[in-house]
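K.L.:
To start, I am sharing the structure in question, which I have written as structure tokens.
The values are calculated or read from the model by the stated rules, or taken from the named source; none is laboratory data. If you're wondering where the values come from, they're calculated on a predicted model, not measured in any experiment. Glycine also receives a Cβ, built like all others from the backbone with ideal geometry; neighbour counts cover every protein chain displayed. SASA here: full protein model, heavy atoms, side chains in, ligands and nucleic acids out. Shrake-Rupley method; radii C 1.70, N 1.55, O 1.52, S 1.80 Å.
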Protein chains: 2
Amino acid sequence: MAMRENLVLGLEVVLANGDVWDGLRALKKDNTGYDLKHLFMGAEGTLGIITKAVLKLWPAPKDVCTAWLAIRDPNAAIEILSEAYAASDDDNVGSCELMSRTCTDMVLRHIPGTQDPLKAETEWYLLLEWSSARPRQDGVAGMSDKMEQFLADQLEAGRVLDAVIAQTEAQSRNMWRIRESVAEASRTEGPGLSYDVSVAVSRIPEFIDKGLKAVLEILPTIRPYPLGHIGDGNLHFSFMGPKGMDRETLALYSAAITRVVNDLITSMAGSISAEHGIGIEKLDELAHYRSKTELDVMRMIKRALDPKNIMNPGKVLRLS
Amino acid sequence: MAMRENLVLGLEVVLANGDVWDGLRALKKDNTGYDLKHLFMGAEGTLGIITKAVLKLWPAPKDVCTAWLAIRDPNAAIEILSEAYAASDDDNVGSCELMSRTCTDMVLRHIPGTQDPLKAETEWYLLLEWSSARPRQDGVAGMSDKMEQFLADQLEAGRVLDAVIAQTEAQSRNMWRIRESVAEASRTEGPGLSYDVSVAVSRIPEFIDKGLKAVLEILPTIRPYPLGHIGDGNLHFSFMGPKGMDRETLALYSAAITRVVNDLITSMAGSISAEHGIGIEKLDELAHYRSKTELDVMRMIKRALDPKNIMNPGKVLRLS
């Protein structure tokens with residue numbers, strides 16, 4: 001579950017004045033002067049244009065185990081993740097993806113060749129993948145041995161209702177294809193709304209619960225299909241419009257829905273854009289939810305590094 | 001081997017204009033606006049004063065194994081570290097500390113109660129610690145079982161010449177005490193020089209080799225005692241002055257020695273201050289080794305956030 005912060009070691013950036021900053025370092029520890037790397041990475045091109053990067057690489061995993069779990073509810077997902085960290089020797093937990101049944105139904109309906117990994121009448125699923133850089137050895141418990149024991153324990157604890165471990169590469173690919181086709185499948189369902197939020201991992205179930213109630217109060221026939229990278233506290237809080245509702249009609253509700261979702265995530269100390277930045281679309285939202293102090297500091301930096309406002313103007317931040 | 005970047009999730013900072021920035025978030029993923037957190041963390045108080053922080057915590061390790069290795073040379077240390085990552089399921093490698101024999105001799109001479117963990121006539125030692133959040137279980141290989149197998153393999157490969165695994169808490173404490181008493185022991189030896197550098201992990205042996213040659217050419221009787229957190233590419237490249245030489249005489253050599261060390265680390269794309277920042281002492285060094293472009297960007301930010309130069313003035317950066 002590696003983030004941008006750990007992945008990028010160095011940058012080359014073209015600045016507003018035409019100078020090129022060579023920050024192509026490859027160090028794990030460096031405490032010399034201001035940290036310009038993170039500043040440019042988070043600025044969406046408004047402080048400079050990133051032209052090169054030094055990335056950190058990891059050895060390819062040599063032992064991977066993918067499993068598909070029907071689970072009790074989102075609370076169970078958080079507990080399973082926490083138990084998985086402990087049971088798998090920590091860093092073996094590569095992926096932990098929560099999906100509602102609406103997600104998987106939608107994919108199975110629209111994406112040819114996908115198969116339901118598990119016939120289980122539950123509302124929530126988890127795609128769990130463990131991996132190790134160490135190859136499997138005879139007589140030593142590998143990832144799938146550990147996963148099997150883990151799932152048995154979780155079944156007994158009532159968090160997992162049913163589960164299957166991919167026995168072949170094709171089965172694992174099918175599980176991932178379901179996860180990765182949700183966005184594509186949703187487009188064939190017609191217009192929708194989607195929020196890319198993050199919150200402390202432990203508060204995801206509370207956010208889902210309160211968020212669904214608030215949105216359904218505004219538009220009771222909207223069809224939620226939440227899914228998330230829960231190890232990162234990141235949720236794609238997504239909705240298909242009500243059956244048959246066109247884009248224009250849905251748009252009448254979207255401002256009110258956006259406000260309740262972002263109010264809720266802000267009240268829970270979360271982020272209104274976990275992965276996808278601000279751009280133009282969330283400009284007003286950032287201005288609404290961030291303190292004047294924070295916006296002022298950002299503006300001071302923007303004006304200092306790009307006094308003529310020529311770097312991706314109009315994005316991220318209003319200058320006045 | 002967690003770094004500042006992974007440890008600090010949020011900050012509160014008092015700014016030069018008296019405003020308080022509340023950035024006390026606890027999110028793993030957030031892409032909303034400029035990354036102010038890293039900017040303030042790297043600025044040594046020159047952009048604002050950090051008054052609160054949200055830290056990430058890890059579960060206390062439940063199974064720890066500490067070992068003391070006599071090794072062939074620094075190249076062997078890098079190979080052992082790489083093999084350790086693979087053999088221990090990656091994230092179990094908690095510490096990997098390289099010490100020269102001069103370090104351990106100095107500690108054993110000056111720090112009462114320390115004992116040589118291993119009678120081995122080698123020039124280089126490694127303190128290796130593996131830990132897991134998972135408690136030891138009967139019938140499952142724990143940290144010390146894995147370490148034992150690992151050390152046997154490394155002995156056979158000729159990288160390790162002799163090794164001992166701490167069997168008691170007291171033995172482990174003794175190993176750590178030797179490592180952690182090097183600085184204290186060095187002070188009783190009289191005046192010295194020390195450089196806190198970092199470089200790509202794989203290039204540490206090359207740096208040690210070239211750096212020692214260059215320094216000994218300037219002052220052949222100086223007594224090196226290099227040690228380092230090699231997993232981070234971080235080396236404390238340290239020297240006791242020649243026997244009997246006073247502080248004033250050593251100071252006559254220090255400018256020339258500092259220059260060859262920092263020239264070398266810069267030519268190897270390393271950092272002249274891995275852990276300890278710039279402050280006043282390395283102000284000239286930062287100015288010497290960083291490009292005009294980079295210093296200009298830092299100055300633009302400093303002037304924008306602290307136009308009256310009241311925040312820790314004179315540190316990190318000369319303003320003109």
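K.L.:
Would you rank B:Tyr85, B:Tyr125 by solvent-accessible area, highest first, keeping every protein chain in place and using a 1.4 Å probe? Let's see the in-between values first.
P.N.:
On the way: B:Tyr85 70, B:Tyr125 5 Å².
Listed by decreasing accessible area, they come as B:Tyr85, B:Tyr125.
K.L.:
Pairs A:Lys210/A:Lys315; A:Lys62/B:Lys146; A:Lys292/B:Lys302; B:Lys29/B:Lys308; A:Lys213/A:Lys302: which exceed 29 Å Cα-Cα?
P.N.:
Details: A:Lys210/A:Lys315 31 Å; A:Lys62/B:Lys146 18 Å; A:Lys292/B:Lys302 20 Å; B:Lys29/B:Lys308 35 Å; A:Lys213/A:Lys302 39 Å.
Those over the limit are A:Lys210/A:Lys315; B:Lys29/B:Lys308; A:Lys213/A:Lys302.
K.L.:
With all protein chains present, how much of the accessible area of chain B (probe radius 1.4 Å) comes from carbon and sulfur, to the nearest whole percent? Present the calculation step by step, with values, prior to reporting the outcome.
P.N.:
Values: 7330 of 14190 Å².
Ligands and nucleic acids excluded, carbon and sulfur give 52 percent.
K.L.:
Per residue of the stretch B:235-240, in order, report the coupling 6.51 cos²θ - 1.76 cosθ + 1.60 (Karplus, θ = phi - 60°) as ³J(HN,Hα) in whole Hz, putting x for Gly and Pro.
P.N.:
Listing the rounded values in order: 10, 8, 9, 10, 9, 8 Hz.
K.L.:
Would you please give the residues with an amide H less than 5 Å from that of A:Asp35, counting only those at least 5 places away or on a separate chain, with H modeled from the backbone geometry?
P.N.:
Correct list: B:Gly42.
K.L.:
For the interface of chains A and B, what total accessible area is buried with a 1.4 Å probe, rounded to the nearest 100 Å²?
P.N.:
Details: alone 17200 and 17200 Å², together 28400 Å².
Heavy-atom accessible area buried at this interface is about 6000 Å².
K.L.:
Simple spin-label model, 7 Å along Cα-to-Cβ: B:Ala152 to B:Val140 in nm?
P.N.:
If labels sit at B:Ala152 and B:Val140, their model points lie 2.2 nm apart.
K.L.:
Separate question: If you place +1 on the Cβ of every Lys and Arg, -1 on the Cβ of every Asp and Glu, and leave all else neutral, what size is the dipole of the stretch A:63-182 about its Cα centre, to the nearest 20 Debye? If you can, show how the numbers build up before the last one.
P.N.:
Details: 11 positive and 21 negative charges, 92 e Å.
Once rounded to the nearest 20, the dipole reads 440 debye.
K.L.:
Per residue of B:291-301, count partner chain C-beta atoms within 10 Å of its C-beta, then hand back the mean as an integer.
P.N.:
Working: counts 5, 1, 8, 8, 1, 5, 15, 3, 2, 9, 8.
Partner-chain Cβ atoms within 10 Å, mean over residues of B:291-301: 6.
K.L.:
So, one more: Which is farthest toward the positive dipole end of the protein assembly as shown among B:Pro74, A:Gly113, A:Val201, measuring Cα position about the Cα centre, with Cβ charges +1 (Lys, Arg) and -1 (Asp, Glu)?
P.N.:
A:Val201
K.L.:
Taking a label point 7 Å out from Cα toward Cβ, give me the nm distances from A:His276 to the same spot in the other copies, shortest first, one decimal.
P.N.:
4.8
K.L.:
Can you work out the Karplus-derived ³J(HN,Hα) for every residue in the stretch B:189-206? Use 6.51 cos²θ - 1.76 cosθ + 1.60 with θ = phi - 60°, whole Hz, and x for glycine or proline.
P.N.:
Result, rounded to whole Hz: 7, x, x, x, 10, 9, 10, 9, 10, 9, 7, 3, 3, 5, 9, 4, x, 4.
K.L.:
Placing unit charges on C-beta atoms (Lys and Arg positive, Asp and Glu negative, everything else neutral), compute the dipole magnitude of the stretch A:190-267 about its Cα centre in debye, rounded to 20.
P.N.:
Working: 7 positive and 8 negative charges, 28 e Å.
Dipole of the stretch A:190-267, to the nearest 20 debye: 140 debye.
K.L.:
Please compute the per residue accessible area over the protein assembly as shown with all protein chains in place, 1.4 Å probe, rounded to a whole number of Å². The partial results should precede the final answer.
P.N.:
Numbers: 28400 Å² over 640 residues.
Heavy-atom SASA per residue in the protein assembly as shown reads 44 Å².
K.L.:
Moving on to the next point. Semi-axes of the equivalent ellipsoid of the stretch A:63-182: what are they in whole Å, largest first, if each equals the square root of 5 times a C-alpha gyration tensor eigenvalue?
P.N.:
On the way: eigenvalues 106, 60, 26 Å².
Semi-axis lengths for the stretch A:63-182 are 23, 17, 11 Å.
K.L.:
Given axes a ≥ b ≥ c from the Cα gyration tensor, I'd like to know whether the stretch B:1-119 is rounded (a/c under 1.5), prolate (a/b larger than b/c) or oblate. Intermediate values should be presented prior to the final figure.
P.N.:
Details: a/c = 2.85, a/b = 1.99, b/c = 1.44.
Prolate, because a/c is 1.5 or more and a/b exceeds b/c.
K.L.:
Report relative contact order for the stretch A:6-78 in percent, whole number only (criteria: Cα-Cα under 8 Å, sequence separation at least 6).
P.N.:
38 percent
K.L.:
To continue, here is another question. Whole number please: convex hull volume per residue, Cα atoms of chain A, in Å³.
P.N.:
On the way: hull volume 52.6 nm³, N = 320.
Hull volume over Cα atoms, normalised by residue count, gives 164 Å³.
K.L.:
B:Trp124 accessible area, nearest 10 Å², 1.4 Å probe?
P.N.:
30 Å²
K.L.:
Counting pairs of alpha carbon atoms under 8 Å apart in space and at least six apart in sequence, what relative contact order in percent does chain A give? Spell out each step's value before the answer.
P.N.:
Working: 523 pairs, mean separation 63.2, N = 320.
This gives 20 percent for chain A.
K.L.:
Which residues' amide hydrogens lie under 5 Å from the amide hydrogen of A:Asp63, considering only partners 5 or more residues apart or on another chain, with H built in the peptide plane?
P.N.:
A:Ser132, A:Arg134
K.L.:
Follow-up. For B:Ile71, which sequence-distant residues (separation of 5 or more, or a different chain) have an amide H within less than 5 Å of its own amide H, given hydrogens modelled in the peptide plane?
P.N.:
Residues meeting the amide H criterion: B:Trp124, B:Tyr125, B:Leu126, B:Leu161.
K.L.:
While we're looking at this one, here's another question. Ordered shortest first, which distances in nm separate the 7 Å Cα→C-beta label point of A:Gln171 from those of the other copies?
P.N.:
4.4
K.L.:
Apply 1/(1 + (r/R0)^6) to the Cβ-Cβ distance of A:Arg101 and A:Ile49, taking R0 = 51 Å, and write down the FRET efficiency to the nearest 0.05.
P.N.:
On the way: r = 43 Å, r/R0 = 0.85.
The value I calculate is 0.75.
K.L.:
I would also like to ask the following. Quote the charge dipole size of chain A about the Cα centre in Debye, to the nearest 20; the model charges only the Cβ of Lys and Arg (+1) and of Asp and Glu (-1).
P.N.:
Values: 36 positive and 45 negative charges, 213 e Å.
Charge dipole, chain A, about its Cα centre: 1020 debye, nearest 20.
K.L.:
Moving to a separate point now. In square angstrom, rounded to the nearest 10, how much accessible surface does B:Arg290 have for a 1.4 Å probe?
P.N.:
That residue has around 30 Å² of solvent-accessible surface.
K.L.:
What FRET efficiency comes out for B:Ser82 versus B:His288 if R0 is 45 angstrom and r is the Cβ-Cβ distance? Round to the nearest 0.05.
P.N.:
Numbers: r = 34 Å, r/R0 = 0.75.
Computed FRET efficiency for B:Ser82 and B:His288 comes out at 0.85.
K.L.:
Label position 7 Å from Cα toward Cβ: report the copy-to-copy distances for A:Asn312 in nm, one decimal, ordered from shortest.
P.N.:
2.8
K.L.:
Could you work out the relative contact order of the stretch B:11-147, using alpha carbon pairs under 8 angstrom and six or more residues apart, expressed as a whole percent? It would help to have the intermediate numbers written out before the result.
P.N.:
Working: 180 pairs, mean separation 39.2, N = 137.
Relative contact order here is 29 percent.
K.L.:
Leaving out ligands, DNA and RNA but keeping every protein chain, what accessible area does B:Ser254 have, in Å² rounded to the nearest 10, with a 1.4 Å probe?
P.N.:
30 Å²
K.L.:
Could you point to the residue in B:Gly244, A:Pro59, A:Val260 farthest towards the positive end of the protein assembly as shown's charge dipole, with +1 and -1 charges on the Cβ of Lys/Arg and Asp/Glu respectively?
P.N.:
Of the listed residues, the answer is A:Val260.
K.L.:
Same structure again: Put A:Ile50, B:Ile265 in order of accessible area, largest first, 1.4 Å probe: what do you get? Write down the numbers at each step before the final one.
P.N.:
On the way: A:Ile50 75, B:Ile265 0 Å².
Sorted descending by solvent-accessible area, the residues read A:Ile50, B:Ile265.
K.L.:
For the stretch B:34-79, list whatever residues lose no less than 20 Å² of accessible surface once every protein chain is in place, relative to that chain by itself, with the probe at 1.4 Å.
P.N.:
Residues shielded by partner chains are B:Tyr34, B:Asp35, B:Leu36, B:His38, B:Leu39, B:Gly42.
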